[in-house]
């Protein structure tokens, strides 16, 4: 009977119990936050990779189908498009991508012949936001034209 009285007088939680529960909740929140940020970073990288791949594939398919040169450009048009010919808007100057830009632009251009085009018409362009942890590195490509991948219809 005396033991029952001692147990029934105790109510609530001790400070140590509350601190342990708060610590477990905090640890769980921190771990889930880290996993979530890694998941979203992975998704952002997958999204950019998919955009690069699809841009290159579309340029390649259009070249084969239409019998003229196409190229995929991974750079931002630094001047307004020259629309003097409404059927062929032209970007005269591109700014190459540099680390820390925060966006990446994907452009598909159509040439004016099947080999050695002199005029490149902008067919489509899109700009995607990238995170600070991402960097585009195209090593081994020509320095004077680093972000243009061309396709001949052959």
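Each label was represented as a point 7 Å from its Cα along the Cα-to-Cβ direction; for residue 114 and residue 58 these points are 2.5 nm apart. With a Förster radius of 25 Å applied to the C-beta separation of residue 44 and residue 95, the computed FRET efficiency comes to 0.70.
Every number in this text was worked out from the coordinates using simple rules, so none of it is lab data. Predicted, not measured: the structure shown is a model, and the values here were computed from it. Note that we place each Cβ from the backbone using ideal geometry, even for glycine, and neighbour counts take in every protein chain shown.
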